[in-house]
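Undergrad: Provided herewith is a single structure, encoded as structure tokens, for subsequent inquiry.
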């Protein structure tokens, strides 16, 4: 057995993980103070009206009924009917601002999460599955539900309990003391299930995330599955994830049902005890029938808030788990924004100055690279598969940060520049660059320069030889496409993606196999037009025929760059199998 010993590096900084707490959730709630206190005010009025209405029954049974005062009973019944209608109105007045509160909480939570996700570096998305990111988006709904319930339960039900305690104690101190036995039993039941609910819900969320991620992967890769004949295997795997998810759901539901059954037993037992002891007090003359009926009516309102406190525990546990899952994403630092200075539209030079790079916990992929790319130069980068060509290209646009050395644009370190400003001038076009949901026109104009007009759009399409097939579409540029470019071939999608980048007006284009799905003749014609542009052009390609058209070629091998001429590049390509 070989032991391994680890020690912190010189630049190690401990990162304290923020645990989701009860108070962190309340802090979100109190950011909506106006709506929150409106709900509190309406709820207090509703509680007071409920207590007063309960005494109407006592006045009828103990006062007016023995005296035969039917007229007074009718008047009181009418007032109780008005009170019931007023209660319904106040209930609506409470629910509407609660709905507004939920909406504001939802927008704040989800918009903050989206803002953080969209600001994360590319390395985050390279190491996370889409389903995991999206599942946390839906987790936020559980936080919103819990916070909405918290606004009613913690403060409002707390105030209601205090009011009812005073009313019950004044009505019958003996019965009140008997009813108090219910409180510690409810609290005991509350804490007995606390840890179980949190653990079960965590398992349920993780199983759901695993299921959604697997389904997304397999649906997106359905062509590959069918080509390999793996549909049955993928189906079996997803069935396994589905069964595991529902096992977790059932485990959680069983715990909820057990707690609910125990709660019902406590409530029923307390009610029976109250009636038994209340009957004895009536027989001994210490309590009237009306007082007993009023007490039991108030007791029903008393157990209601206690039940709500018991139910809110479940929602709070769900919210804490969901909030912790959101915090796991918030712990990832945002992409470095630099000083947000605006770059001029100058034709800057790119420079790699003794750059080394490695992915997390891996050996260096690129080692001590130095490369100068003057403005307007047409450069080709060749290399075997997996040698780091794409990683090098992504370093040039700041998708990744070097371990050592600097990447410079127009003499400025990329880490000091705002990434969006940089990428408006240095455009990276990947092999699998796709389209977004919307029309073709919207896709092409998504990142276009502000001064772009219709003629520029068609000129870009003409350059990439996309005019003919666009005109053949039923609605032309107004044709709707999906994220996978529905009804378009991969070659057509590549041409549209390239046209979109040209419309940005960037002074440097980095093409990472960006024309690989075009037929050789079309690719060569498009390539010739690109060479005629005055932009800096950096091309990663496996086709030596295209590389030979470039004025300069470098070969990436063993993590190092080797400058070559045309003949040497052809020789290296033949030897290395480019």
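Quick note: the coordinates plus some simple rules give every number you see, no bench work behind them. Predicted, not measured: the structure shown is a model, and the values here were computed from it. Don't worry about glycine lacking a Cβ; one is built from the backbone with ideal geometry, like all the others, and counts go over all protein chains shown.
Undergrad: When N counts the residues of region 350-576, how does its alpha-carbon radius of gyration compare numerically with 2.2 N^0.38 Å, as a ratio? It would help to have the intermediate numbers written out before the result.
TA: Values: Rg = 17.8 Å, N = 227, 2.2 N^0.38 = 17.3 Å.
Relative to the 2.2 N^0.38 Å estimate, region 350-576 comes out at 1.03.
Undergrad: Something else about it: Take every DSSP beta bridge with both residues inside region 350-576 and express the antiparallel ones as a percent of the total, to the nearest 5.
TA: Close to 50 percent.
Undergrad: Quote to one decimal, in nm, the extra length available between residue 517 and residue 431 on full extension: 0.36 nm per residue of separation minus the C-alpha distance between them.
TA: Difference between extended and current length: 30.1 nm.
Undergrad: While we're looking at this one, here's another question. How much length would be gained if the chain were fully extended between residue 199 and residue 265, taking 0.36 nm per residue of separation minus their Cα-Cα distance, in nm to one decimal?
TA: Full extension of this stretch gives 21.2 nm more.
Undergrad: Remind me, relative contact order of region 319-449 in percent, using alpha carbon pairs under 8 angstrom and six or more residues apart?
TA: 29
Undergrad: Quick one: 562, 263, fewest Cβ neighbours within 10 Å first, how do they rank? Numbers along the way, then the final one.
TA: On the way: 562 15, 263 19.
Final ranking by Cβ density, sparse to dense: 562, 263.
Undergrad: Any chance you could check the Cα centroid distance between region 157-235 and region 508-534 for me, in angstrom?
TA: 56
Undergrad: Contact order normalised by length for region 464-523, with contacts defined as Cα pairs under 8 Å and 6 or more residues apart; what percent is it?
TA: Relative CO of region 464-523 lands at 36 percent.
Undergrad: Could you run the Debye sum over the Cα atoms of region 88-209, one equal point scatterer each and no solvent, and tell me log10 of I(q)/I(0) at q = 0.20, 0.21, 0.22 Å⁻¹, two decimals?
TA: -1.20, -1.23, -1.25
Undergrad: Sticking with this one: Using Cβ contacts closer than 10 Å as the measure, can you line up 436, 176 from fewest to most?
TA: On the way: 436 12, 176 20.
In increasing order of surrounding Cβ atoms, one gets 436, 176.
Undergrad: For residue 130 and residue 87, compute 0.36 nm times the residue count separating them, minus their Cα-Cα distance, and round to one decimal in nm.
TA: Extra length available between residue 130 and residue 87 comes to 10.7 nm.
Undergrad: For the residues 190, 245, 125, 357, what sequence is obtained by ranking on other C-beta atoms within 10 Å, fewest first?
TA: 125, 190, 245, 357
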